[in-house]
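The values are calculated or read from the model by the stated rules, or taken from the named source; none is laboratory data. None of these values were measured; they are calculated from a predicted model. We place every Cβ from the backbone using ideal geometry, glycine too, and count neighbours over all the protein chains shown.
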Amino acid sequence: MSDYLTGEEALKALYAQDENDEPEYDPVHIIFHLKARMKERGLTQQQLADMSGVRQATISQLCRGNIERLHIPTLEKIAAALNITDITQLLSFLPESEIMSGGNPYDIVFENDKKDV
């Protein structure tokens with residue numbers, strides 16, 4: 001006899017789980033810092049598009065945090081145009097549990113957190 005549930009039994013077990021059960025994994029959110037890097041360099045979206053060969057519409061989506069489909073070659077072109085060699089200047093990865101708890105284990109400074117000095 002198998003230790004694994006199959007078919008209908010597996011579906012019933014899946015939907016019978018308690019909603020309070022802890023998830024088996026901690027989803028990671030990608031924080032894209034493109035807007036801040038462009039501001040530091042005084043670049044517009046169109047200027048970065050011209051420099052990188054990436055469509056301005058794509059850069060606009062990335063600046064708004066729409067990174068559902070981030071292609072590595074696109075990221076490489078943007079990083080090269082901005083002369084970025086350390087990818088953490090462009091991307092940060094933050095576990096959902098840290099976002100929910102308000103923690104910041106990587107000491108990431110988000111654009112909204114910056115204080116005027």
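Of all residues in region 45-73, those being of a type in the set (Val, Ile, Thr) and surrounded by fewer than 18 Cβ atoms within 10 Å (Cβ to Cβ) number 2. For region 94-106, indicate whether the set of residues that are surrounded by 11 or more Cβ atoms within 10 Å (Cβ to Cβ), modelled with pLDDT of 80 or more and among the polar types (S, T, N, Q) is non-empty. No: region 94-106 contains no residue that is surrounded by 11 or more Cβ atoms within 10 Å (Cβ to Cβ), modelled with pLDDT of 80 or more and among the polar types (S, T, N, Q).
For ALA80, which of the numbered conditions (1) of a type in the set (A, V, I, L, M); (2) in a helix (DSSP H, G or I); (3) in contact with a His (Cβ under 6 Å, 6 or more places away or on another chain) fails to hold? The one condition ALA80 does not meet is (3). Please verify whether region 21-28 includes one or more residues that are charged (D, E, K, R) and modelled with pLDDT of 80 or more. For region 21-28, residues charged (D, E, K, R) and modelled with pLDDT of 80 or more: absent.
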